[in-house]
Amino acid sequence: MINSRLLRQFIAVAEELHYGRAAARAGIAQSPLSQAIQRLEALIGTPLFVRNKRSVALTPAGTVFLEEAYQWLRYEEVAIQRTLGASGGETGQLAIGFIGSVGYGFMPELINRFRQQFPQVRLRVVEMTTKDQLDQIQGRALDVGMLRTPLPTGAPHIQTRFYKRDALVVALPRSHPLAGRKRIDLRQLAGESFVAFSKEKVPAAHAQLISVCGAAGFYPNIEQECSQVASVICLVAAGLSVALVSGNLTSLIHPKVVYVPISNRTPYLDQEVAIAWRRNDANPALHSLLDVARTLETAAR
């Protein structure tokens, strides 16, 4: 069987073209080295060297095999380095889910910093709802999720860590009578039609809308429901509804939508962004990502 030791012995002879020097380089006696080369030729099925009493030369087959031997050993070194890198979280792969609203602040910042520090880790990043993220994390289709808390019940194997807090703002059609205000009291929206995040797909955001409006003294008139941020903003732009959305969405510019801060400090107004992953997940690349997130969290304070 051909192994890396035999390949290195062959390379020593091929580069030195002298059995005495090659044996000294390989750290073995000349006779065992000669036997090793004969064994290699028998395994391959063709002569690799032309030998006489005064010289050693590569055959055409030996020249080709020398290049392959170099490549073989390079692959071996790469395999070792990649394995060591994976054990240290420097290589490997991660499947990452995120809700749309974190795509306008938290997610790009984290992914960009992680790629700078760990360029060899392959990433698959997919937008999906909180519920879908939790399902796929538990089913091992995702390694980590970026979502809003609190989480729904029924996710005992999911661990989360708070990242940042963000206050809600009102998204209004640009033509809306309140669009020019610097701040809005939520009670001014009591008679409005709302577009809400889906109760089934984004339960935390849906429940928050009801809680915020309830604390302001009214129940929201929900006429539309969507699962994705872009869809919510499009319905607001169409003039069908108003919405309460995460404050970091003010960077999502739409010519027919304005974002207005809320004046009253109603309970439940803040949203929390969290990272979620499977408890006891030993993937080193995951823990490298969590370390980067922790660094960003500390810097943001």
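The values are calculated or read from the model by the stated rules, or taken from the named source; none is laboratory data. Note that this is a predicted model, so its numbers are computed, not measured. Don't worry about glycine lacking a Cβ; one is built from the backbone with ideal geometry, like all the others, and counts go over all protein chains shown. Note: accessible area is taken over every heavy atom of the protein model, side chains too, but ligands, DNA and RNA are not part of it. Shrake-Rupley method; radii C 1.70, N 1.55, O 1.52, S 1.80 Å.
For Ser175, the conditions (1) open to solvent by 30 Å² or more (accessible area, probe 1.4 Å); (2) within 20 Å of Asp291 (Cα to Cα); (3) of a type in the set (Ser, Thr, Tyr) all hold with the exception of (2). Return the residues of segment 246-274 that are hydrophobic (A, V, I, L, M, F, W, C) and either touching a helix residue (DSSP H, G or I) at 6+ places or on another chain (Cβ under 6 Å) or closer than 22 Å to Ala190 by Cα (or both); say none if nothing qualifies. Scanning segment 246-274 gives Leu249, Leu252, Val257, Val258, Val260, Ile262, Leu269, Val273. Here Leu43 passes the criteria (1) under 16 Å from Gly62 (Cα atoms); (2) surrounded by 14 or more Cβ atoms within 10 Å (Cβ to Cβ) except the one numbered (2).
Scanning segment 183-225 for residues that are crowded, with 16+ Cβ neighbours inside 10 Å, more than 20 Å from Gly239 (Cα to Cα) and either among the basic types (Lys, Arg) or modelled with pLDDT of 95 or more (or both) yields one hit, Lys201.
Filtered by the rule that a residue be open to solvent by 60 Å² or more (accessible area, probe 1.4 Å) and of a type in the set (D, E, K, R), segment 153-172 gives Lys164, Arg165. Take Ala141 and decide whether it is small (Gly, Ala, Ser) and either over 15 Å from the mean Cα position of the chain (by Cα) or in a loop (DSSP other than H, G, I, E, B) (or both). Against the criterion (small (Gly, Ala, Ser) and either over 15 Å from the mean Cα position of the chain (by Cα) or in a loop (DSSP other than H, G, I, E, B) (or both)), Ala141 qualifies. Each residue in segment 1-34 was checked for being surrounded by 17 or more Cβ atoms within 10 Å (Cβ to Cβ) and in contact (Cβ under 8 Å) with a residue 24 or more places away in the chain, and 8 of them qualify.
Taking only segment 142-166 into account, find how many residues are small (Gly, Ala, Ser) and either within 20 Å of Cys226 (Cα to Cα) or modelled with pLDDT of 90 or more (or both). Explain how you work it out, then say what you get.
Filtering segment 142-166 for residues small (Gly, Ala, Ser) gives 145, 154-155.
Retained after the next criterion (residues that are either within 20 Å of Cys226 (Cα to Cα) or modelled with pLDDT of 90 or more (or both)): 145.
Result for segment 142-166: 1.
Is it fair to say Ala243 is touching a residue at least 60 places away in the same chain (Cβ under 8 Å), farther than 27 Å from Arg115 by Cα, in contact with a helix residue (DSSP H, G or I) (Cβ under 7 Å, 6 or more places away or on another chain) and surrounded by 21 or more Cβ atoms within 10 Å (Cβ to Cβ)? In short, yes.
Pairs linking a residue in segment 154-182 that is under 29 Å from Phe194 (Cα atoms) and in a loop (DSSP other than H, G, I, E, B) to a residue that is at pLDDT 85 or above and open to solvent by 90 Å² or more (accessible area, probe 1.4 Å), with Cβ atoms under 9 Å and 6 or more positions apart or on different chains, are Arg174/Pro255; Arg174/Lys256; Ser175/Lys256.
Conditions tested, residue by residue: (1) within 13 Å of Ala274 (Cα to Cα); (2) surrounded by 18 or more Cβ atoms within 10 Å (Cβ to Cβ); (3) touching a residue at least 60 places away in the same chain (Cβ under 8 Å).
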position: Gly97; (1), (2), (3): yes, yes, no
position: Val125; (1), (2), (3): no, no, no
position: Thr129; (1), (2), (3): no, yes, yes
position: Asp132; (1), (2), (3): no, yes, yes
position: Gln136; (1), (2), (3): no, no, no
position: Leu151; (1), (2), (3): yes, yes, yes
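State yes or no: is Arg140 touching a strand residue (DSSP E or B) at 6+ places or on another chain (Cβ under 9 Å), on the phi > 0 side of the Ramachandran plot and either β-branched (Val, Ile, Thr) or surrounded by fewer than 21 Cβ atoms within 10 Å (Cβ to Cβ) (or both)? Yes, satisfied. Among residues that are assigned to a loop (DSSP other than H, G, I, E, B), closer than 23 Å to Gly145 by Cβ and either open to solvent by 10 Å² or more (accessible area, probe 1.4 Å) or in contact with a strand residue (DSSP E or B) (Cβ under 8 Å, 6 or more places away or on another chain) (or both), Asp281 is included. If you go through segment 183-219 and pick out every residue that is without any contact (Cβ under 8 Å) to a residue 12 or more places away in the chain, over 35 Å from the mean Cα position of the chain (by Cα) and not in a loop (DSSP other than H, G, I, E, B), you end up with 2. Just one residue in the set Val236, Val232, Val260 is in a strand (DSSP E or B) and open to solvent by less than 10 Å² (accessible area, probe 1.4 Å); that residue is Val260. So how many residues does segment 89-109 have that are closer than 14 Å to Leu147 by Cβ and either within 9 Å of the chain's Cα centre (by Cα) or outside any helix (DSSP H, G or I) (or both)? Summing the residues that are closer than 14 Å to Leu147 by Cβ and either within 9 Å of the chain's Cα centre (by Cα) or outside any helix (DSSP H, G or I) (or both) in segment 89-109 gives 5.
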